[in-house]
Amino acid sequence: MVTNLAQGKQVFTSNAFLVAPDVPDDADGRTVVVDPGNEFDAVAEIRERVSDVDAVVLTHTHSDHVGNVSAVSEAFDADVWGFDPDHELVDHAIADDDLVEMGGYDYLAVHTPGHKDDHLCFYARDSGVLFAGDLVFANGSFGRTDLAEGDRERLIASIDRLLDLLDGDLREMHTGHGPSVTREPRRHVEAAAEAARSMP
């Protein structure tokens, strides 16, 4: 079960996803927050839905994605996982090709720089779910490359690598901003790859 905790919030925030087992209180599945967002009460939103959080997982460390990290981590005594173990908010490193268990499914961590050096996407083949962070968005949009650490060629290479990993069973794409995609999400990733190559 994936819920966007930031839905409808009119503040400077990314989407913030609560990933919980499909069966409540499933002992075999970890409840995780992917990117707690910024400038809203994420702790209250979480407590409306679940009693505990096992971990916080970051797609990357831009401020709109991590502003609520400390509050969520402290409220639930949850460690924070991300690509860069030297970042002050990250307790444990997730390496490229690691498997990260969230909501009862194993997600492949894919290092996808271009928007930011520490950017990760997470893809679960069994459930057909992708967390794309700010790499790609609905309708063929793609992550900014005009910020520090941004690089268009690296972004294109990251999108291409992600496309190579995605199979025909991709059902849902949850992005760092804008709506999630539940209808032919792979086409949106393909469109982002084309747009990133063609736009100045």
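The values are calculated or read from the model by the stated rules, or taken from the named source; none is laboratory data. Keep in mind the model is a prediction, meaning the values are calculated, not measured. Methodologically, a virtual Cβ is constructed for each residue, glycine included, from the backbone with ideal geometry; neighbour enumeration extends over all protein chains shown.
Here is how the numbers come out for the structure above:
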read-out	value
Residues that are in contact with a Ser or Thr (Cβ under 8 Å, 6 or more places away or on another chain) and either surrounded by fewer than 20 Cβ atoms within 10 Å (Cβ to Cβ) or at pLDDT below 95 (or both), drawn from segment 19-53	21, 39, 49, 50, 52
Residue identified as surrounded by fewer than 18 Cβ atoms within 10 Å (Cβ to Cβ) and either within 23 Å of residue 72 (Cα to Cα) or in contact with a Gly (Cβ under 6 Å, 6 or more places away or on another chain) (or both) among 91, 167, 118	91
Some residue of segment 145-163 being of a type outside the set (Gly, Ala, Ser) and under 14 Å from the mean Cα position of the chain (by Cα)	yes
Residue 158 hydroxyl-bearing (Ser, Thr, Tyr), within 29 Å of residue 45 (Cα to Cα) and out of contact with any Cys (no Cβ under 7 Å at 6 or more places or on another chain)	no
So residue 141, is it farther than 23 Å from residue 37 by Cα and among the polar types (S, T, N, Q)	no
All positions within segment 75-86 that are in contact with a helix residue (DSSP H, G or I) (Cβ under 9 Å, 6 or more places away or on another chain) and either part of a helix (DSSP H, G or I) or of a type outside the set (Gly, Ala, Ser) (or both)	75, 76, 79, 80
Failed item, numbered, when residue 145 is tested on (1) outside any loop (DSSP other than H, G, I, E, B); (2) β-branched (Val, Ile, Thr); (3) under 27 Å from residue 166 (Cα atoms)	(1)
Residue match in segment 26-37 (condition: touching a Pro at 6+ places or on another chain (Cβ under 7 Å) and under 30 Å from residue 196 (Cα atoms))	no
